[in-house]
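Participant: This structure is in structure tokens; I'll ask about it shortly.
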Amino acid sequence: MPELKLSQLQFESDTWKRLLRFMTDENIHLKARLSDILNEDFDKAMLEQAETFQVLFLRKDNLISLLRNEIAELDNLLIKEALEDGAWKKEVEKRMRIMRKNIKNAEGKFRKLKSEFNNYFLEK
């Protein structure tokens, strides 16, 4: 694989890692905000929805962890690609396509969850 293309794939992988760190930080803030809401003058009628959000935040933590692992595996393939001169090209390209799709989906779903959380507690 040409050096420029390999460098671009590594850059993209690093971008995903930064995005996942950001999503992790945001998820921590959302969980902290939920805790604050529960510790304030909280309406017990909202408890079920609060529990639902907590479960969704934990699922996002798990998803982020899985995506990090997939990126680490991909990084290992990129290293092999650099060392073995093209032997892994098809596998790398396939995994990059899958990762792009997974990251895009995760980012969209996370954005939607944040919006639903914020809107729910603004309306109550």
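Derivation of every value follows stated rules applied to the coordinates shown; laboratory data play no part. None of the values given here were measured: they were computed from a predicted structure. All Cβ positions, glycine included, derive from the backbone under ideal geometry; neighbour counts span all protein chains shown.
Participant: Using only Cα atoms and rounding to the nearest 10 degrees, what angle (0 to 90) does helix 89-123 make with the longest principal axis of the chain?
Facilitator: Taking Cα atoms only, the helix is inclined about 10 degrees.
Participant: Assuming R0 = 35 Å, can you tell me the calculated FRET efficiency for the pair Ile79 and Phe121, based on Cβ-Cβ distance, to the nearest 0.05?
Facilitator: For Ile79 and Phe121, the calculated efficiency is 0.20.
Participant: Right, another one. Let me know the shape class of the chain, please: from the alpha-carbon gyration tensor, a ≥ b ≥ c as square roots of the eigenvalues, rounded when a/c is under 1.5, otherwise prolate if a/b is greater than b/c, or oblate.
Facilitator: Since a/c reaches 1.5 and a/b is larger than b/c, the shape of the chain is classed as prolate.
Participant: How much net charge surrounds Thr52 when only other residues with a Cβ under 11 Å from its Cβ are counted (Lys, Arg +1; Asp, Glu -1)?
Facilitator: Here the charged neighbours net out to -2.
Participant: Around Arg18, under 13 Å between beta carbons, what's the net of Lys plus Arg minus Asp minus Glu among the other residues?
Facilitator: -2
Participant: Once every DSSP H run of n ≥ 4 in the chain is given -39500 (n - 2.57) and the sum is divided by its residues, what mean residue ellipticity at 222 nm do you get, rounded to the nearest 500 deg cm²/dmol?
Facilitator: The per-residue figure over the chain is -32500 deg cm²/dmol.
Participant: Looking at this model, which pairs from Lys31/Lys101; Lys89/Lys112; Lys5/Lys31; Lys17/Lys90; Lys31/Lys94 are more than 32 angstrom apart at the alpha-carbon?
Facilitator: Lys89/Lys112; Lys5/Lys31; Lys31/Lys94
Participant: If you average the C-alpha positions of region 4-31 and of region 46-69 separately, how far apart do those two centres end up, in angstrom?
Facilitator: Cα centroid of region 4-31 versus Cα centroid of region 46-69: 19 Å apart.
Participant: Roughly speaking, what is the stretch gain from Phe42 to Leu66, that is 0.36 nm per residue apart minus the C-alpha to C-alpha distance, in nm to one decimal?
Facilitator: 5.3 nm
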